[in-house]
Amino acid sequence: MPTITLPDSSQRNFDHPVTLAEIAANIGAGLAKAALAGKIDGKLVDLSRVVDQDADVAIVTAKDPEGLTVIRHSTAHLMAQAVKQLFPGAQVTIGPVIDVGFYYDFYFERPFNDEDLAQIEQRMHELAAHGDVLTRQVVDRADAVKFFDSLGEAFKVEIIESIPGNEELTLYTQGDFTDFCRGPHVPNTNVLNVFKLMKVAGAYWRGDSKNPMLTRIYGTAFATDKELKAYLTQLAEAEKRDHRRIGKQQNLFHFQEEAPGLVFWHPKGWALWQVIEQHMRGVYRQSGYAEIRCPQILDVSLWKKSGHWDNYQENMFFTESEKRTFAVKPMNCPGHVQVFNHGLHSYRDLPIRYGEFGACHRNEPSGALHGILRVRGFTQDDGHIFCMESQIEREVRAFHEQALAVYATFGFTEIQVKIALRPDKRLGTDVVWDQSEAALRGALSAAGVAWTELPGEGAFYGPKIEYHLQDAIGRTWQLGTIQVDFMMPERLGATYIDEHSERRHPVMLHRAIVGSMERFIGILIEHHAGFLPMWLAPVQAVAMGITDKHADYVQQVTERLKVVGLRVEADLRNEKVGFKIREHTLERVPYLLVAGDREMETDSIALRTREGQDLGVVTVDALLAQLTAEVRAQSQG
């Protein structure tokens, strides 16, 4: 009979097979009431699962990350049940958990609208209060197909028929609703009482525009009202900070239909871009990187050698010339190997560090595009280090220190470090992956850095350290990475001469700090709500006169500030000064400089901030010193 080992290493013995719910009750009434699911030997399962042999068991509650996943997954089923009751003709398709909640796709004669959402949410609350038990049933494939076919659920039938024949098939039933699902789920719908339906959207079946259009209903769910309210508050704040709205207000960039997923940068937006690029260029130059530039298109034969053809071609753009097929580069690494290969290298030359602000293009689905946060054309602060295996730890540690310093300069101090491990679809042997993953763990351990691990989320050619930054309203963004790659140098013939005069393949470290420049700028805008630190602001100050007779003096002040590198504009329009101040305040210009008769006579300027603070009258020389000192201090972190 089973011996159950709990997370605290304590054990409990039973003289009969026992469910996880019974184990929770054996531990304590409080845990039994809070239990949502459990884990048997690390696998997440329902509380109804029976343990009939020795096992490691953990009980999952709402306090556990897995608990929230189970709540959201079960709430998706609750939503589908409500939809079927209100709209019997709707067909259900798939309803997964996502980062901020869940969604479910439905096929119906018309799209659902906001009024429908209100009805569905109300019915969900009624169903949850009813308190139906969720039951799990293992079914035969033929029986499952017959069951859903009898209900007219053609999409469910297609899903079942597409699943490999050796996989166990399960149905979950709650009240009058049965769904095909792997689970696990909560034991009873009465624990699903904190949720909100957010919006509807269109989605093609299986993401293919040739297939029927479905209606996707997004929702979110939490364990407590407090958590839901905090999330909704965050959403409201995020809407205020939306980089697309602020980008339009500040005249930074735009998109148009003729170039989907590609950005038109306006002068002010490009000024912001250049500040960031030049700052990062200086960081890399100080760290021993030589900047290079590689072609935008390369013959597909190179992409086949690198492994991208087999692992990435659906995300690539192609073009042809003189009966040859070329790929527009989705990443810079194969080109950097070509530069490394153009010459003979000794072990004494290593590490060799190349950097490139390389423009890349990836064929992202149109539905995934999102302002400048998700685009088809982007530029990376990309770099590659060619080194010996013995140099990996030192290079990773140096990169880690460099990345943290850069993030702090841009205003990010809450950072999580994660290691993304081998994916299912990958190059190389397990031995090589063991070696690569151990190298990253060793480097972080030696640097005294705590990290978490992400199984299955590495690149197809190697594991990577990821840097996840928390912004001002608590959202997390994955930015920088450094990846260990033992395979691409070998596949592309990169070698160096070792101390024994033998040819060896270097290790290639792929690294970026800000990643996509477009995405980083979008994150910066939202993090600072458009109130960019002065050193980043596209326009750092605007000078204006009270009347037209002050125009020449305003222009002189503007030129004096420009000479020292400050980004200053003169507003000489025939408008009232109050109107100008309001307009430039809305554009979030850090400083507003106002000149009248007194200022002209004393070679000074009246100084105001975008927050509305009146800093009084200062001489132009004092202003120049103040602003340049502020820029210098901010840009140096």
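Bear in mind that the values in this text are calculations on the coordinates, not laboratory data. Everything numeric here is computed off the predicted structure, so don't read it as measured data. Please note: Cβ atoms are built from the backbone with ideal geometry, for glycine as well, and neighbour counts cover all protein chains shown.
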In what sequence do Trp477, Trp273 fall when counting other Cβ within 10 Å, fewest first?
Trp477, Trp273
At R0 = 22 Å the Cβ-Cβ FRET efficiency linking Leu31 and Ala129, nearest 0.05, sits at 0.35
Can you figure out the FRET efficiency of Ser321 with Gln626, using R₀ = 56 Å and their beta-carbon distance, to the nearest 0.05?
0.50
Explain nothing, just compute: Karplus ³J(HN,Hα) = 6.51 cos²θ - 1.76 cosθ + 1.60, θ = phi - 60°, for every residue of the range 83-88 in order, whole Hz, x for Gly and Pro.
4, 5, 6, 7, 10, x
Would you mind counting up the charge near Lys305? Only other residues with Cβ under 12 Å from its Cβ, with Lys and Arg at +1 and Asp and Glu at -1.
-1
Charge context of Gly95, other residues only, Cβ under 14 angstrom, K/R +1, D/E -1
+2
Could you compute the longest span of the chain free of GluC sites (Glu not before Pro) located in DSSP loops and having at most 13 other Cβ atoms within 10 Å, not counting the site residues?
1-108
Proxy exposure order for Phe386, Phe108, Phe412 (fewest C-beta within 10 Å first) is Phe108, Phe412, Phe386
Based on alpha-carbon centroids, what's the gap between the range 463-529 and the range 586-636 in Å, whole number please?
40 Å
Any idea how far apart Val138 and Glu575 come out in nm if each label point goes 7 Å out from Cα toward Cβ?
7.2 nm
Alpha-carbon centroids, the range 205-245 and the range 122-167: separation in whole Å:
25 Å
Work out the FRET efficiency for Val564 and Asp603 from their Cβ-Cβ distance, taking R0 = 22 Å, and round it to the nearest 0.05.
0.85
For every other residue with a beta carbon closer than 12 angstrom to the beta carbon of Asp132, add +1 if it is Lys or Arg and -1 if Asp or Glu, then tell me the sum.
-2
Given Lys226/Lys418; Lys549/Lys580; Lys268/Lys562; Lys304/Lys418; Lys84/Lys156; Lys156/Lys196, the pairs whose alpha carbons are separated by over 18 Å
Lys226/Lys418; Lys304/Lys418; Lys156/Lys196
In nanometres, what is the gap between the two model label sites at Arg285 and Tyr347, each 7 Å from Cα along Cα-to-Cβ?
3.4 nm
